[in-house]
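The values are calculated or read from the model by the stated rules, or taken from the named source; none is laboratory data. Not measured: the values here are computed from a predicted model. Here the Cβ positions follow ideal geometry from the backbone for every residue, glycine too, while neighbour counts run over all protein chains shown. Keep in mind that these areas ignore ligands, DNA and RNA; they rest on the heavy atoms of the full protein, side chains included. Shrake-Rupley method; radii C 1.70, N 1.55, O 1.52, S 1.80 Å.
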Amino acid sequence: MIRTAFLLLFLCNAHLAFSQGSTQVIITGIPPMLPSPYVSDLENNYHQGRYQMQLIFANNNPDPVEFVYDVYLTKDGKEILSMTSEPVSYTPGTYYYSTFKEHPRVSFSADPLDQISGDIYDKVIREGILPEGSYMIEIEVRPLDGFDMITSIPGFAYFEVRFPQPPL
């Protein structure tokens, strides 16, 4: 009886160890102080590939898994943007992105500007600038199927937007 219990426990643990995996996001290239508060400069830097992201997907099972990207942007601790991507399929490996247009492509059904609310939306659309403040971007890649035994480790980038002091 005890041998049977140990055998069952061993088989369950072996199955869990085989099916466990992880994703980790690493965000690089975003300076702690943005050189310009202009949205156009930020967009140009993104399209030129200056803000990179690396996804590391480790899994013992070589089969592809569908994931979604959860992207959050906060300003001074208050969430101003929350988006979830369309599903993307990955096999275990390391993926580098300079933009989300690279393969496998990451796409969002909504426009990020439509997701931003309040005063920030007005500043971005009307004035073309990011308001001064402390920002944090968080990107998490999680399995679409919540029952997959895959741990998600999000990536974070912190940056400041400050306007230059007027000349004396």
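Scan the stretch 51-96 for residues that are touching a residue at least 24 places away in the same chain (Cβ under 8 Å) and of a type in the set (D, E, K, R) and jot them down.
Listed by number, the residues that qualify are D63, E66, D70, K75, D76.
Got a number for residues in the stretch 1-33 being surrounded by 11 or more Cβ atoms within 10 Å (Cβ to Cβ) and modelled with pLDDT of 90 or more?
Going through the stretch 1-33 one residue at a time, the tally reaches 11.
Of the residues that make up the stretch 124-136, is at least one under 19 Å from S22 (Cβ atoms) and under 15 Å from the mean Cα position of the chain (by Cα)?
Restricting attention to the stretch 124-136, the residues satisfying the condition of being under 19 Å from S22 (Cβ atoms) are none.
Scanning the stretch 124-136, I find no residue that is under 19 Å from S22 (Cβ atoms) and under 15 Å from the mean Cα position of the chain (by Cα), so the answer is no.
Of the residues that sit in the stretch 44-93 and are part of a loop (DSSP other than H, G, I, E, B) and hydroxyl-bearing (S, T, Y), which one is nearest to G118 (Cα to Cα)?
Filtering the stretch 44-93 for residues that are part of a loop (DSSP other than H, G, I, E, B) and hydroxyl-bearing (S, T, Y), the one nearest to G118 (Cα to Cα) comes out as Y51.
Inspect the stretch 129-140 for any residue being aliphatic (A, V, I, L, M), modelled with pLDDT under 95 and open to solvent by 50 Å² or more (accessible area, probe 1.4 Å) and give the result as yes or no.
Within the stretch 129-140, not a single residue is aliphatic (A, V, I, L, M), modelled with pLDDT under 95 and open to solvent by 50 Å² or more (accessible area, probe 1.4 Å).
For the condition at pLDDT below 95 and touching a strand residue (DSSP E or B) at 6+ places or on another chain (Cβ under 7 Å), what is the one hit in L81, L55?
Exactly one residue qualifies, and that residue is L81.
Quick check: is even one residue across the stretch 145-154 touching a residue at least 24 places away in the same chain (Cβ under 8 Å) and loosely packed, with under 12 Cβ neighbours inside 10 Å?
Yes, some residue in the stretch 145-154 is touching a residue at least 24 places away in the same chain (Cβ under 8 Å) and loosely packed, with under 12 Cβ neighbours inside 10 Å.
Does A157 qualify as being open to solvent by less than 40 Å² (accessible area, probe 1.4 Å), at pLDDT below 95 and either part of a loop (DSSP other than H, G, I, E, B) or among the aliphatic types (A, V, I, L, M) (or both)?
In short, no.
Of the residues S36, S40, only one is among the hydroxyl-bearing types (S, T, Y), in contact with a Gly (Cβ under 9 Å, 6 or more places away or on another chain), modelled with pLDDT under 95 and not in a strand (DSSP E or B); which?
Among S36, S40, only S40 is among the hydroxyl-bearing types (S, T, Y), in contact with a Gly (Cβ under 9 Å, 6 or more places away or on another chain), modelled with pLDDT under 95 and not in a strand (DSSP E or B).
Restricting to the stretch 118-142, and then to whatever is part of a helix (DSSP H, G or I) and among the β-branched types (V, I, T), can you tell me which residue is farthest from I153 (Cα to Cα)?
Ranking the candidates gives I125 first.
Conditions tested, residue by residue: (1) of a type in the set (K, R); (2) surrounded by 11 or more Cβ atoms within 10 Å (Cβ to Cβ); (3) touching a Cys at 6+ places or on another chain (Cβ under 6 Å); (4) closer than 19 Å to R142 by Cα.
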{"position": "K75", "(1), (2), (3), (4)": "yes, yes, no, no"}
{"position": "E86", "(1), (2), (3), (4)": "no, yes, no, yes"}
{"position": "P92", "(1), (2), (3), (4)": "no, yes, no, yes"}
{"position": "S98", "(1), (2), (3), (4)": "no, yes, no, no"}
{"position": "S107", "(1), (2), (3), (4)": "no, yes, no, yes"}
{"position": "Y121", "(1), (2), (3), (4)": "no, yes, no, no"}
